[in-house]
Amino acid sequence: MSDLLRASAIGTGRVRLDGPDKVRGLAPYAYEHPVEHPLHLFPLCSTIALGRVTAIDATAALALDGVVHVITHENALRLADTEDGELAILQDDRIGFRGQYLGAVLAETPEAARQAADLVEVTAEGAPHDAVFRPDHPAVREPEGGGDDIDTGDFEAAIAAAEIVVDQRYSTPLEHNNPMEPHTTIARWDGEQLTLWTSTQGVHPARQTLAPMLGIDPEQLRIISPHVGGGFGSKGLPHADMMLTALAAHAVPGRAVKHAVTRQHMFALTGYRPATSQRFRIGARADGTITAFGLEAVSSSSHTKEFPEVAIKPSRQMYAGEHRRITQRVLPLDVAVPSWMRAPGEAPGMVGLEIMMDELAEACGLDPIELRVRNEPEHDPDTGKPFNRRRLIDCLHEGATRFGWADRDPRPRARREGGWLIGTGVASATYPASRQPGSKARIRHEAGVYEVGIGAADLGTGTWTALTQVSADALEVDPDRIALRIGDTALPNATVAGSSTGLASWSAAVLAAADAFRREHGTAPADGVEAIGEAAENPAEKQFAMHSYGAQFAQVRVQEETGEIRLDRMLGVFSVGRIINPRTARSQLLGGMTMGVGMALHEKGELDPRFGHVVNHDLAEYHVPVNADIRSLEAHWLDEEDPQAGPLGARGIGEIGTVGAAAAIANAVHHATGVRARDLPVFGSDLLAR
Amino acid sequence: MRPFDYVRADDPAGAVAAMAERPDAAYLAGGTNLVDHLKLGITAPDLLVDLGRLDLADIEELPDGGLRVGAMVRNSDLAADPRVRRDHPMLSRALLSGASGQLRNAATTGGNLLQRTRCVYFQDPTTPCNKRAPGSGCSALGGYTRYHAILGASDACIATHPSDMAVALAALDATVVVLGDDGEKRLPLTALHRLPGDEPERDTVLEHGDLITAVELPPPDGAARTRSTYRKIRDRASYAFALVSVAAVLELDPDAARPTILSARIALGGVAHAPWRARRAEQLLAGAPATRESFRRAAAAELERARPVAGNEFKVTMAQGAMGSVLAELAGLGEENEDSPDE
């Protein structure tokens, strides 16, 4: 337990410091960075799902005016390390999924590059592919590195003895995190030195991945990414587009190569959330106490590189239940490579768990909030550790009051207005609270201004602003005297903006640096002095099971004759420790909840198994919610500080807003219509009488 | 993507003449659909004839009280026109339920009618499509069919026409004015779009070079003003194509003792290769009592011919539900649909 940092700038809703530059178009995104005489890249992508390239004829493309080079597996730089199947592109003739990079055209204009790409003749030999996800597929297996199964007590005996049993399967689809700014990179090799202007959630982690593959030292690779137009996890790990641009630039030394992934290509090349199937077998006493907790989760994945959506994560710790059997499995297919999407594991995992809890409440004749109260575990059922400030029930009660839950008639189809059925639903939210060690910050003083440098990222979430506030309080100066620098590997190492650990981890480095600076240079420092500090591990994480919690409430209306679903209102209450900036925090929580709305009602990658790719691959056909879909959206938080989280007293907020939101809506749809939606998203067409 | 020539037409005759010499030329109006197609490689014209300078951006009143809408009138302007809002609120609603504000500011009346299907396979040159590449096959059959036809489709194509405006115009009995090589011709809106048959590459009856110059709206009647509406059922509340949409005008007999239907004009969107005028339902409704039962029966009769494919069976129920709901609302039977169209 540490002393909390005294808040002065922290807790104030400062407007985004980068806002004015962004609205005036002065904040440079990756593609906009000015470079001399750039070449433009357009990729060649596989149109089969499995097989081999037998020939590539670039003669016609190279004959076109303005075309400089066509890179393929026949002429690309050999990588020093090809372990990572997603990133080791253009190394051989193998095709592992439809849409895979097979090469690229470099030309003086984007138009010429695109035209030439059409002229390159790729001949490939196809093999029968398998792109159909089903949990009973014979190839379902433990994930690489083990399934981390839980089998405690005597599950089968407990479920056989249970008075109430819920045995249901739930599913979530392929989902695509498509930030407004696509994945973009400018690459330039100057001798043995490579510079990438790119859009990433972590310049240092990207460098740690790419440099060894390219056979260069980390110091030979500089990555610059001051502004990121949204990431949602899809820019957390470098994807093949970054490697493609680096390889292409290697063929034209000294020239910058620009590549912006098209919206259509993003659906195959920049990660997505794999599909999940979750079979819950839950046994309870008549009073709702869970005695047997069973979950078999299966995630789709790719043969090219494994990434399972670990849907069992929240079920490990959410509720009590003495006899437990929990397994995670994966099914690799001949499809594009999945990756992180906001709250991987928790977001889909809480779909199954929280719809199941609604079903269990109904089976027991209990209010769903009361059911959760009765299954509140005394300590973490997974690790046996005590929880750190588990305030799930506080969130549920606070939310119930704010939402007006008390006067709810629990019967489905009980409320009707005009041709509309109205229902309300609730679900819990959770997300791990952790901090990553290893970030470093450098503080340098010059003429009353403290330059704080750290390779952190701002995905539009507010890092520029919030980390300035933290720096100001750490140094006990006005925020106007802080000059923050982020998003550059030339700055001290920073961990990734991922797993809701960004601000907490970077702040720990800033606090350490501020301590060192004041210790070494006092409160009246000379010009030019500096100090460096490094974020240590949070010792409390060894001692406690550390999670954040929340409660999500939703009211929907469903048109009886047409099935149309409208979200009247949605309200979330979260326990996330101290809030650094209420303005940016609210925005992040609302954004997370909005993503949950998409998960509940809209988002679904339609993979056509005959071809092996997602066919609704643009933002007109792949739907995310728009303003008109949500009439009222509110995010609240418990007024608290968490000393176990370190001097900042804050836990991450980037992901918890998404968790539980979809289940609350699905539960509200059931309350409105009596139709239980177990496969998300639920469309109005699913609610029509057949 | 391939390079193309570009000319800017000064007048309609000049535009038609520019097209006549070039079989691979295309008109460019708002560009909201064509420019996407150029980038994606769905079409590759060798000449674009830009219509932006044509003097066709006015809405004029006709001697009979109707309106003549120039082909270059922007969707936003047409939706906001006070005469349209007063006389044909259904058209205004249909326009505002389409696309997004930015797109409506650019999209034109003529271009809206001639926009092409949003079938995901048509829009993806890496998959077979008879409409894009005749003879290559229909990928939608056996594929992702949520937005596909249940009425009037063929084995060659199950695509739908994506326009909302055209559905309202079909119910309005609008007329399309076309300038071609051989002078001006006029045709009912309902005769403009084709069913796919074995030539799905042809969306309309127009010949190469034919230029839509205007759409004429008939003089308003009381029913169009007071008992007409457009309802669009879709997967999200804005910026989504119709799963099913209904444009309807209902005329009740003012002299009848009990509420009785004089006439109904109904068109469906999202269900066919063309705006689908529901003639069978209209016939059943003429003279029938204005009851929910009448509306249900008429909707069921219209959808009797529906041939859904795997994945869009729900549209039959949805279309019937939407028709019944809209007609009941127009007859004053139900409570008002609380959903307002997009602003």
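Here are the numbers for this structure:
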{"read-out": "Computed label-point distance, nm, for sites B:ALA80 and A:THR109 using a 7 Å Cα→Cβ extension", "value": "3.5"}
{"read-out": "Förster radius 35 Å - calculated FRET efficiency between A:ILE532 and A:THR82, Cβ distance, rounded to 0.05", "value": "0.45"}
{"read-out": "Two-decimal Rg to Rh for segment B:228-330 - Kirkwood Rh, Cα set", "value": "0.99"}
{"read-out": "18 Å cut-off, amide nitrogen to a point 7 angstrom out along A:GLN168 Cα→Cβ, residues in segment A:645-671", "value": "A:660-671"}
{"read-out": "Where B meets A: accessible area buried, both sides, 1.4 Å probe, Å²", "value": "3400"}
{"read-out": "Centroid-to-centroid separation of segment B:270-313 and segment B:47-118 [C-alpha atoms, Å]", "value": "28"}
{"read-out": "Summed residue charge, Cβ within 9 Å of B:PHE122's Cβ, Lys/Arg positive, Asp/Glu negative", "value": "+3"}
{"read-out": "17 Å Cα-Cα reach of A:LYS542 towards lysines, excluding residues that sit fewer than 8 places from it in its own chain", "value": "A:LYS385"}
{"read-out": "Percent carbon-and-sulfur accessible area, segment B:228-330, ignoring ligands, DNA and RNA, probe 1.4 Å", "value": "51"}
{"read-out": "Crossing angle, helix B:292-303 versus chain B [Cα axis fit, 0-90 degrees, rounded to tens]", "value": "30"}
{"read-out": "Segment B:228-330: relative contact order in percent, alpha carbon pairs under 8 Å with at least 6 residues between", "value": "25"}
{"read-out": "Amide N proximity, segment A:470-484 versus A:GLU520 label position 7 Å along Cα-to-Cβ, cut-off under 12 Å", "value": "none"}
{"read-out": "Helical contribution to [θ] at 222 nm, DSSP H n ≥ 4, -39,500 (n - 2.57), averaged over chain A, rounded to 500", "value": "-7000 deg cm²/dmol"}
{"read-out": "Residue among B:THR213, B:LEU172, B:LEU189 farthest towards the positive dipole end of segment B:161-220, charges placed on Cβ", "value": "B:LEU172"}
{"read-out": "Contact order normalised by residue count of chain B, Cα under 8 Å, 6+ apart, percent", "value": "17"}
{"read-out": "Percent carbon-and-sulfur accessible area, chain A, ignoring ligands, DNA and RNA, probe 1.4 Å", "value": "49"}
{"read-out": "Distance between segment A:288-348 and segment A:397-458 - C-alpha centres, whole angstrom", "value": "22"}
{"read-out": "Contact order relative to length of chain A, as percent, for alpha carbon pairs under 8 angstrom and 6 or more apart", "value": "17"}
{"read-out": "Sites A:ASP154 and A:ALA406, calculated FRET efficiency, Cβ-Cβ separation with R0 45 Å, nearest 0.05", "value": "0.70"}
{"read-out": "Label-point separation in nm, A:ARG24 to A:GLN220, each point 7 Å along Cα→Cβ", "value": "4.1"}
{"read-out": "Percentage of interatomic Cα-Cα distances in segment B:5-50 larger than 17 Å", "value": "28"}
{"read-out": "Rounded, prolate or oblate (a/c below 1.5 giving rounded, otherwise prolate when a/b exceeds b/c) for chain A by Cα gyration tensor", "value": "oblate"}
{"read-out": "Low-density loop positions, GluC sites (Glu not before Pro), segment A:367-408 - DSSP coil, at most 10 other Cβ in 10 Å", "value": "A:GLU378"}
{"read-out": "C-alpha center-to-center spacing [segment A:182-222, segment B:187-217] in angstrom", "value": "53"}
{"read-out": "Estimated FRET transfer efficiency when R0 is 22 angstrom, pair A:GLU378-A:ASP3 (beta carbons, to 0.05)", "value": "0.15"}
{"read-out": "Solvent exposure of segment B:5-50 as accessible area per residue, Å², 1.4 Å probe", "value": "45"}
{"read-out": "Virtual paramagnetic centre 7 Å along Cα→Cβ of A:ALA60, amide N under 20 Å, in segment B:99-143", "value": "B:124-129, B:132-136"}
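The values are calculated or read from the model by the stated rules, or taken from the named source; none is laboratory data. Note that the structure is predicted; figures quoted are calculated from it, not measured. Note: ideal-geometry Cβ built from the backbone for every residue, glycine included; neighbour counts use all protein chains shown. Protein only, heavy atoms only, side chains kept; ligands, DNA and RNA dropped before computing areas. Shrake-Rupley method; radii C 1.70, N 1.55, O 1.52, S 1.80 Å.
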